[in-house]
1. Could you give the size of the charge dipole of segment 376-496 about its Cα centre, using +1 on the Cβ of each K and R and -1 on the Cβ of each D and E, expressed in debye and rounded to the nearest 20?
2. Please compute the contact order of the chain in relative form: average sequence separation of alpha-carbon pairs under 8 Å and at least six residues apart, divided by the residue count, as a percent.
3. Using a probe of 1.4 angstrom, how much of the accessible area of the chain is carbon and sulfur, in percent?
4. Residue separation times 0.36 nm, minus the C-alpha to C-alpha distance between GLU65 and GLU377: what's the value?
5. Each residue of segment 416-426 in turn: what ³J(HN,Hα) in whole Hz from Karplus with 6.51, -1.76, 1.60 and θ = phi - 60°, glycine and Pro shown as x?
6. Restricting to the chain, compute how many DSSP beta bridges are antiparallel as a %, nearest 5.
7. Along the Cα→Cβ direction, 7 angstrom out, place labels at ALA353 and ARG92. What is the inter-label distance in nm?
8. Using the charge dipole of segment 280-459 (Lys, Arg: +1 at Cβ; Asp, Glu: -1 at Cβ; taken about the Cα centre), state which of ASN428, VAL388, LEU411 has its Cα farthest towards the positive end.
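The values are calculated or read from the model by the stated rules, or taken from the named source; none is laboratory data. The structure displayed is predicted, hence computed values, not measured ones. Cβ placement follows ideal geometry from the backbone for every residue including glycine, while neighbour counts extend to all protein chains displayed. The protein model used for the area step is the full one, side chains on, heavy atoms only, and it has no ligands, DNA or RNA in it. Shrake-Rupley method; radii C 1.70, N 1.55, O 1.52, S 1.80 Å.
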Amino acid sequence: MADNSPPSDRTATPRTPVGSNVFEYAPAPESRSVVDIRASYGLFVGGEFVDGGGTAFKTINPATEEVLAEVAEADEADVDAAVRAARRAYERVWSRMPGAERAKYLYRIARIIQERSRELAVLESIDNGKPIRESRDVDVPTVAAHFFYYAGWADKLEHAGYGTTPLGVAGQVIPWNFPLLMLAWKIAPALACGNTVVLKPAETTPLTALLFAEICQQADLPPGVVNIVTGAGETGRALVAHPGVDKVAFTGSTDVGRAIAKTVAGTEKKVTLELGGKAANIVFEDAALDQAVEGIVNGIFFNQGHVCCAGSRLLVQESVAEELLARLKRRMSTLRVGDPLDKNTDVGAINSAEQLARIRELAEVGEAEGAGRWSPECELPAHGFWFVPTLFTGVTQAHRIAREEIFGPVLSVLTFRTPAEAVEKANNTPYGLSAGVWTEKGSRILKMANELRAGVVWANTFNKFDPTSPFGGYKESGYGREGGRHGLASYLKGGS
Ligand code: NAD
């Protein structure tokens, strides 16, 4: 089903859907005045902002390329100071505090996140490039929900089944795609279990972690319980290698995950790795097609496709492939790409020039390998990093765009004839993080859920996250689970 339309990751405004009535939106930008971005930021160590000993780096707005702030780059000595602060807080205060008291701090943090949600959402969209609709309605509410959820566990750990003894100091390293949400996934369970933390946000999205540090101050969290060290790979390396760290929690790429696994091998450190994915979103011929189209769009274009569990491989049953693709293209033509702060925007900016270059490179590979490339017509802003939602048809399992994580708004479409073929193709990947199944038959959903080698299988929906539900991968998608009761296991001595 090759489609020879010209590639269109160049320029255009989201177009009126083909064959529908013309409609225009008035811009509805969210105000930036709610955030107060400082010119420069230090590190958050021992409850205070301190100067780093290393150099500083700039964080930019990927939608405009405007420099937002200079941020300290923590060197080894800074990381050491942060780990020592976390150790002192662990031994003197946090591990001795009754769970019910720790819970009060977590509840307080959760409530402050709700109170300052607009500020957090706007700052997240400015620093990351994601649409305000998502940061406001998905990221920040889920962040608050994680703190509420784990606050509830803090005084009930004996019922979780992993004992009540914390590990000590957790060194946590997170990526840029969900900066605040990944922070919440890491910090909330660690603190609930009585650990203290040193967290390193990604170098392109440090600002909301630094605002979270202010929230810790506002909540009167004892100094040193949460420490934030900003920087790039070297800072992360120093943190995970530090002998004073008892637990390493990492979310990011499989390559870096492998390097971390080597660094901690042979030590007593506990490790959880949440890595990449290449999820299959499988549509059977009996599925409600319009509903499936919404799920496909949400699966791959949510957060510009910068989602580890994105439904980046669409497997569609051959008998409905043509009809489904026609509806999908029509729906893609209505997606509005542009200003992340505009409330109408569906697809925001790509997070960095490096990530944009990687997406472009893999899309070119897809074309060179013979897949048919299609994108709706759409005008892109003159500055910033943008990539038009794109689909590739006629993809085979050998194509790189079917095997490698693109981590952008690019969908590879494959077809299948039988459920067994769908399972075989879905599992033919080194990853195993998530999958989607679209069918009217409950029995088929249960069978597929058992046969798919994926940590999460969504049925007739996609990309649903809830703090009560464990999340994690098989194979090269990592090990350990975050979220739910299982998420406590990684932060308690009795856990796996
Ligand atoms: P990345 O691995 O390049 O970076 C992640 C973090 O690790 C950053 O903070 C980075 O500074 C740090 N880092 C880099 N080198 C390091 C080293 N040698 N030692 C320690 N830390 C180091 O990943 P990214 O590009 O920021 O994020 C995208 C990746 O994250 C994708 O592969 C995506 O699938 C994955 N991801 C996975 C999940 C999940 O839950 N499984 C969630 C979100 C993102």
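1. 540
2. Relative CO of the chain lands at 21 percent.
3. 50
4. Extra length from GLU65 to GLU377 when fully extended: 110.0 nm.
5. 8, 10, 10, x, 5, 5, 4, 5, 4, 5, 4
6. 30
7. Simple spin-label model gives 4.5 nm for this pair.
8. ASN428
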